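Novice: Sharing a structure below in structure tokens format, with a few things to ask.
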Amino acid sequence: MTGKKLFMDFAITATSHTLAEYQARGGYEALAKVLREMKPEEVTKEVSASGLLGHGGAAFPAGRKWGVIKLNDGQPHYLCMNADEGEPGTFKDRWLMEHTPHLVLESMLIGSYALQGRHSFIYIRGEFDLSYRRLADALEEAYADGLFGENILGSGFSCDLVIYRGAGSYVCGEASAMLTSLEGKKGYPRNRPPRLTVQGLYKRPTVVNNVETLANVPYIVKHGAAAFRAVGTAKSPGTQLISISGHINKPGVYEVEYGYPFAKFLFDDCGGILHGQQLKCVIPGGISTKVLTAEDIAPLVLDHASLVDAGSQLGSQGMIVVAEGTCMVRLLQVMLRFYHHESCGQCTPCREGMGWLEKISTRVVAGGGVPEDIARLYQISRANDGTTICGLGDAAGYATVGILDKYRHEFDFYIEHKRSMFDGRLEVAAA
Ligand SMILES: Cc1cc2nc3c(=O)[nH]c(=O)nc-3n(C[C@H](O)[C@H](O)[C@H](O)COP(=O)(O)O)c2cc1C
Ligand code: SF4
């Protein structure tokens, strides 16, 4: 057991994505309650009281973001769901869209009502084909049932939804880049201020929320903020969907109550490390979070405070498990190749820095590294800290420093011997 569950305790069947089955399980009852009994600002108040935190990486309180939108300012307001999910190791939003697309749509309707959004958007990662088809089919069903369009359920509230497919860029998951891409332009992140809640899509007040963040909203309005707060910890209420992959026996998506013991999750719920190997480390929240060693993990629980105290973050809740015998020099090189490829090139420290980080790490892996390379990797990583428009540059730096700090001896060995300290041992394990 991974603690209490809020929205993932139903069985997945061949038809669990359909409107009929979602309604049979109480689906769209939260929407009906909202439209019947609550004013838009009361919905936002309930979400604020629940303490719901964002699940897109930064754990920003959802109610606080919604509360900034001035409902009677005479402007159109937009709600945009961030379904880009490009962070390596992260695939929990995909699970929601494939298995419960109507929950995703119901959450968009309730959020749009709270923000008085007449037109709303889901920006979905281009590569997510099944998720897109499930959402598009569900939207068609919902329109046919009067759940979208004019005068929804006779309430006077009207809302249309557009599902927009991205074109495979990681940086378009960054909220401002996403909106720029949605406007039909090249997906460059924007400088802040102005914040997106002041000038977002088409320069109008806009809320961007992650899929999972919004998916919690129907539960909160249906059962109340107190019921939501009864699960999880005081500072991290509710649950989180963790996608786990790498050297683990039972990879997949798990709904885990905040505060659940980290080691118990890995070794009991996820079946421990592949082939009975020893755990080396875990990258806990997508590759942009700092690595945690097996010793770091032992005392931790899965909530924001616990991971921050240990020098890392829950990030996008995409865990990558790494077994003993894995070369961290090569692992870092693969990560840096990704960041270099995905940098949009607007900011000098990121554009140039990502290129050099990849070049240096590739040189080390090829056996041509020199001792000064380690200082260079540190220097370039730190040059990105706080100097770039979006978080990509920072994140690559944090990830690099995190690995260098904990596995420096592997880099020293590689540079001195021109090979990984694990070369030869992997073949033995495979035999
Ligand atoms: C490079 C980069 C990529 C991002 N990719 C995603 C993503 O795929 N999905 C997501 O929800 N948030 C992503 N984010 C975070 C978003 O900018 C934003 O904080 C989030 O969508 C807000 O939703 P939340 O408040 O519900 O967490 C990314 C951020 C950066 C810097
Ligand atoms: S930090 Fe990198 S990805 Fe982000 S805006 Fe600057 S150049 Fe583009």
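None of the figures in this text is laboratory data; all of them are computed from the coordinates on show. In this text the structure is predicted, and so the values were computed from the model without any measurement. Cβ: placed from backbone, ideal geometry, glycine included. Neighbour counts: every protein chain shown.
Novice: Quick check of the Kirkwood formula: for the range 206-280, what is the inverse mean of 1/r over all pairs of different Cα atoms, in Å?
Specialist: Evaluated on the range 206-280, it is 14.2 Å.
Novice: OK, next. Set the Förster radius R0 to 22 Å, insert the Cβ-Cβ distance between K250 and Q277 as r into 1/(1 + (r/R0)^6), and round the FRET efficiency to 0.05.
Specialist: Efficiency at R0 = 22 Å is approximately 0.90.
Novice: Treating only the Cβ atoms of Lys and Arg (+1) and Asp and Glu (-1) as charged, compute the dipole magnitude of the range 162-305 about its Cα centre; round to the nearest 20 debye.
Specialist: Dipole of the range 162-305, to the nearest 20 debye: 820 debye.
Novice: Hey, what angle do you get for helix 391-417 against the long axis of the chain, alpha-carbon based, 0 to 90 degrees rounded to 10?
Specialist: For helix 391-417, the angle is close to 20 degrees.
Novice: Also, I was wondering about something else. Calculated from DSSP H runs of 4 or more alone, at -39500 (n - 2.57) each and per residue, what is the 222 nm mean residue ellipticity of the chain, nearest 500?
Specialist: Result for the chain: -12500 deg cm²/dmol, rounded to the nearest 500.
Novice: Next question. Once both axes come from the Cα atoms, what is the angle between helix 129-144 and the longest principal axis of the chain, in degrees from 0 to 90, rounded to 10?
Specialist: Helix 129-144 sits at roughly 10 degrees to that axis.
Novice: Based on alpha-carbon centroids, what's the gap between the range 193-271 and the range 371-428 in Å, whole number please?
Specialist: About 30 Å separates the Cα centre of the range 193-271 from the one of the range 371-428.
Novice: Run through all the Cα pairs of the chain and give the fraction in each 10 Å bin from 0, expressed as whole percent.
Specialist: Using 10 Å bins, I get a P(r) of 5, 21, 30, 25, 13, 5, 1, 0 for the chain.
Novice: Only counting other Cβ atoms within 10 Å, I'd like D412, D296 sorted with the fewest neighbours first. Please list the in-between numbers first.
Specialist: Values: D412 14, D296 19.
Lowest count first: D412, D296.
Novice: Determine the equivalent ellipsoid of the range 19-229 by diagonalising the alpha-carbon gyration tensor, then write out the semi-axes as square roots of 5 times the eigenvalues, largest first, rounded to whole Å.
Specialist: On the way: eigenvalues 111, 82, 56 Å².
In descending order, the three semi-axes are 24, 20, 17 Å.
Novice: Are any of the pairs K359/K418; K92/K222; K39/K186; K70/K222; K4/K45; K185/K290 more than 26 Å apart by Cα-Cα distance, and if so, which?
Specialist: K39/K186; K185/K290
Novice: Hey, another quick one. How many angstrom lie between the C-alpha centres of the range 93-164 and the range 58-75?
Specialist: If you average the Cα positions of each part, the centres end up 20 Å apart.
Novice: Return one number: the angle in degrees, 0 to 90 and rounded to the nearest 10, between the long axis of the Cα atoms of helix 372-383 and the longest principal axis of the Cα atoms of the chain.
Specialist: 20 degrees
Novice: Same structure again: Between D145 and E183, what length comes free when the chain is fully extended (0.36 nm per residue of separation minus the Cα-Cα distance, one decimal in nm)?
Specialist: Gain in length upon complete extension: 10.8 nm.
Novice: Another question, then. With the dipole of the range 19-229 worked out from charges on the C-beta (+1 for Lys and Arg, -1 for Asp and Glu) around the Cα centre, which of Y123, A142, L71 lies farthest toward the positive end?
Specialist: The Cα lying farthest towards the positive end belongs to L71.
Novice: Can you work out the Karplus-derived ³J(HN,Hα) for every residue in the range 99-116? Use 6.51 cos²θ - 1.76 cosθ + 1.60 with θ = phi - 60°, whole Hz, and x for glycine or proline.
Specialist: So the Karplus estimates, Gly and Pro as x, are 9, 9, x, 6, 5, 4, 5, 4, 5, 5, 5, 5, x, 5, 5, 4, 9, 6 Hz.
Novice: Would you order L52, L182 from fewest to most other beta-carbon atoms within 10 Å of each residue's own beta-carbon?
Specialist: L182, L52
Novice: Rank-order 191-204, 90-103, 218-231 by packing density, defined as the average count of other C-beta atoms within 10 Å over each peptide's residues, highest first.
Specialist: 90-103, 218-231, 191-204
Novice: If you don't mind, there's one more thing I want to ask. Going by C-beta contacts inside 10 Å, put D423, D84, D394 in order with the fewest on the left.
Specialist: So the residues, fewest neighbours to most, are D423, D394, D84.
Novice: Write down the percent of antiparallel bridges among all DSSP beta bridges whose residues are both part of the range 44-201, to the nearest 5.
Specialist: Antiparallel: roughly 15 percent of the beta bridges in the range 44-201.
Novice: For the range 321-336, in order, what is each residue's ³J(HN,Hα) by Karplus, 6.51 cos²θ - 1.76 cosθ + 1.60 with θ = phi - 60°, in whole Hz (x at glycine and Pro)?
Specialist: Once rounded to whole Hz, the list reads 9, 10, 8, 3, x, 8, 7, 6, 5, 5, 4, 5, 4, 4, 5, 6.
Novice: Restrict the search to the range 140-194; then list the GluC sites (Glu not before Pro) that DSSP places in a loop and that have at most 15 other Cβ atoms within 10 Å of their Cβ.
Specialist: Taking the range 140-194 and a limit of 15 other Cβ atoms within 10 Å, the loop GluC sites (Glu not before Pro) found are E150, E183.
Novice: Rounded to the nearest 5, what is the percent of antiparallel bridges among the DSSP beta bridges in the chain?
Specialist: Details: 18 of 38 bridges.
Bridges in the chain that DSSP calls antiparallel: roughly 45 percent.
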